[in-house]
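For reference, the structure discussed in these notes is given below.
Rule-based calculations on the coordinates, nothing more; no lab input. If you're wondering where the values come from, they're calculated on a predicted model, not measured in any experiment. Methodologically, a virtual Cβ is constructed for each residue, glycine included, from the backbone with ideal geometry; neighbour enumeration extends over all protein chains shown.
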Amino acid sequence: MAESEPPSVALPDLDDSGAWLAGLSAASRALRGVLEAQDTLAARKARQMGIGLTDMRAIRLLDVRGPLGATELAQLLDLRPATVTTLVDRLQAAGLVERRRSTSDGRRVIIEVTPTARERSLRVWAPTLQAMDDVGHGLNPADADVVCRYLDAVARTLAHEQHPGERARGISARPAGPHRSGSDQLGATDH
């Protein structure tokens with residue numbers, strides 16, 4: 001999808017090496033490390049599943065949000081509808097998604113993940129999710145609360161950065177509610 005120019009913002013001061021990262025807070029630098037590790041991990045997990053990264057993102061979105069129309073999926077993936085049609089064709093041929101008529105509107109076709117897709121995703125992601133959850137369970141309640149509040153604030157900031165048209169159409173960048181759990185963490189990438 002065509003992007004408009006981002007709003008003009010003051011650029012951060014550079015350090016002696018020419019990098020601006022030195023001026024970031026310790027929390028922002030740590031989050032940047034998490035995001036970089038996530039990018040690398042997501043690509044590896046997609047390869048393990050035998051699909052592309054965008055295919056995995058589509059499966060995750062459909063698993064987290066439930067059945068969606070092709071237009072909604074295209075908006076959430078920031079892809080053109082024709083590209084999503086090709087993506088869904090590919091995933092359907094692989095047995096990972098199904099198209100079906102909406103029960104509430106027989107004219108509408110919705111896309112949903114199959115049990116096969118859920119099983120493959122869980123098989124690939126479960127060890128990582130368990131290891132991450134173990135880290136979370138290792139935090140004392142006060143530290144866990146601080147981490148959750150920080151990550152929720154970052155998620156709200158990222159959601160605010162979505163395309164204005166998405167906000168106007170009511171497309172949320174993430175599921176509602178703080179401290180989500182369960183399958184909504186599956187392959188966490190928007191990744």
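Between amide H atoms placed 1.01 Å from N, distances below 5 Å from Gly69 occur with Ile111, all of them 5 or more places distant or on a separate chain.
Which of the peptides 134-143, 30-39 is most tightly packed, and how do the rest follow, going by the mean number of other Cβ atoms within 10 Å of each residue?
Peptide ranking by packing, descending: 30-39, 134-143.
Among rounded, prolate and oblate, which fits the range 96-138 when a ≥ b ≥ c are the square roots of the eigenvalues of its C-alpha gyration tensor, a/c under 1.5 means rounded, and a/b larger than b/c means prolate? Prolate, because a/c is 1.5 or more and a/b exceeds b/c. Its Cα gyration tensor gives the range 31-72 an equivalent ellipsoid, and the semi-axes of that ellipsoid, as √(5λ) in whole Å with the largest first, are 22, 14, 7.
Once C-alpha pairs closer than 8 Å and six or more residues apart are averaged by separation and normalised to the residue number of the range 26-185, the relative contact order reads 21 percent.
Full extension of the chain between Thr71 and Arg101 yields a length gain of 9.3 nm, computed as 0.36 nm times the residue separation minus the alpha carbon distance.
Per 0.36 nm of contour for each residue apart, how much would the distance between Thr40 and Ala153 grow if the chain were fully extended, relative to their Cα-Cα spacing?
Here the answer is 38.3 nm.
Shape annotation for the range 26-185: C-alpha extents along the principal axes are 50, 36, 26 Å, from largest to smallest.
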